[in-house]
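Worksheet for the structure shown next.
The values are calculated or read from the model by the stated rules, or taken from the named source; none is laboratory data. As the structure is a prediction and not an experimental result, all values here were calculated from the model. FYI the Cβ positions are ideal-geometry reconstructions off the backbone, even for glycines, and counts take in every protein chain you see.
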Amino acid sequence: MNKIISIMMLYLLAGGAAKAAVISWEIPENIDLEDPTGDVSSNGILLYAYNFGDQDAGNGVGTTVTLGGTTFTTLSDSQGDDIELYNESGVEISFGTNMRTDTLPGGTTYDSANSYHQLLGSFQYNADETYSYLLNGLTWGTQYEVQFWSSDDRTVNRGQYLDGNRMDTTAGQYMIGTFTANEAFQAISLVTSASDETGQMAAMQIRAIPEPGTLGLIAIFGGVILFIRRHLLI
């Protein structure tokens, strides 16, 4: 059964009959440790957000943290119904997780009481040069915004390619992309920039972006309810 599932995933991730939606990526932005709330998108409605890393990694890293009103739940090797990892052969692989206190941008000293440091200091990694994230729980026809963070300044010019877009991991960056789902899942590839490097991500979130017309209907509906309540109280 597992073999059949792996073959199916390989077919889908390779662009079979059900091709993943095209993601429109923005230019990567450098992480701002002084203003973390400005780094966290609050558009639309949060679907899920994860802080990659094991709770047992030490120093409080890999715990659930809240930034800019968004709660990032810890995600370790043993979890991941919302997010899965697949290698180039379409075989599901585990989340390698780690924590370090020497990966923050600019050699910043790690502070275990700082939520942004906790978010960036723990990360998911894998030795495969190429693999794919599979984001689940999507609704066909809904527009989504996805955001990833990566930071590791231990080596110069360290980088990786998220869906073909280079992120400067040494500088510490986040990247935002939008797409309209055409399946209940979305595959996103990650390729390292050198054979001796491991691809790694510190955190991610995905948010549903309602259509403008939908927002208008919600506002109208809310106004109608308020009108009715006020008149019932008269």
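Within region 108-122, identify whether any single residue is over 16 Å from THR71 (Cα atoms), part of a strand (DSSP E or B) and not small (Gly, Ala, Ser), and answer yes or no. Looking through region 108-122, none of the residues is over 16 Å from THR71 (Cα atoms), part of a strand (DSSP E or B) and not small (Gly, Ala, Ser).
Looking at region 78-89, which of its residues are at pLDDT 80 or above and assigned to a loop (DSSP other than H, G, I, E, B)? Explain how you work it out, then say what you get.
Of all residues in region 78-89, those at pLDDT 80 or above come to 81-89.
Selection gives ASP81, ASP82, GLU88, SER89.
Within region 90-124, being of a type in the set (Ser, Thr, Tyr) and either buried (at least 16 other Cβ atoms within 10 Å of the Cβ) or at pLDDT 85 or above (or both) holds for THR97, THR103, THR108, THR109, TYR110, SER115, TYR116, SER122.
Before we move on, is TYR144 outside any loop (DSSP other than H, G, I, E, B) and within 19 Å of THR66 (Cα to Cα)? Against the criterion (outside any loop (DSSP other than H, G, I, E, B) and within 19 Å of THR66 (Cα to Cα)), TYR144 does not qualify. Residues in region 83-109 that are aliphatic (A, V, I, L, M) and touching a strand residue (DSSP E or B) at 6+ places or on another chain (Cβ under 7 Å): ILE83, LEU85, ILE93, MET99. Just to be sure before I move on: is LEU138 touching a helix residue (DSSP H, G or I) at 6+ places or on another chain (Cβ under 9 Å), closer than 17 Å to TYR48 by Cα, buried (at least 19 other Cβ atoms within 10 Å of the Cβ) and modelled with pLDDT of 90 or more in the structure I sent? No: the conditions fail for LEU138.
Of the strands (runs of 3 or more DSSP E) contained entirely in region 163-229, those carrying at least 3 residues that are modelled with pLDDT of 80 or more and not polar (S, T, N, Q) fall at 165-168, 173-180, 185-192, 203-209.
Could you list all residues from region 1-40 that are assigned to a helix (DSSP H, G or I), modelled with pLDDT of 50 or more and loosely packed, with under 12 Cβ neighbours inside 10 Å? The answer is GLY38, and nothing else. Restricting attention to region 148-162, the residues that are out of contact with any Asp or Glu (no Cβ under 7 Å at 6 or more places or on another chain), surrounded by fewer than 22 Cβ atoms within 10 Å (Cβ to Cβ) and in a strand (DSSP E or B) total 1. Looking only at region 141-162, which residues are among the aliphatic types (A, V, I, L, M) and at pLDDT 90 or above? Hits for region 141-162 are VAL146, LEU162. Every listed requirement among (1) more than 18 Å from the chain's Cα centre (by Cα); (2) within 14 Å of ALA202 (Cβ to Cβ); (3) not hydrophobic (A, V, I, L, M, F, W, C) is met by GLU88 save one, (2). LEU67: crowded, with 18+ Cβ neighbours inside 10 Å, under 25 Å from ASP152 (Cα atoms), out of contact with any strand residue (DSSP E or B) (no Cβ under 8 Å at 6 or more places or on another chain) and at pLDDT 75 or above, yes or no? Yes; evaluated as a whole, the condition is true for this residue. Of the residues making up region 70-89, those that are crowded, with 19+ Cβ neighbours inside 10 Å and closer than 21 Å to GLY172 by Cβ are PHE72, THR74, LEU75.
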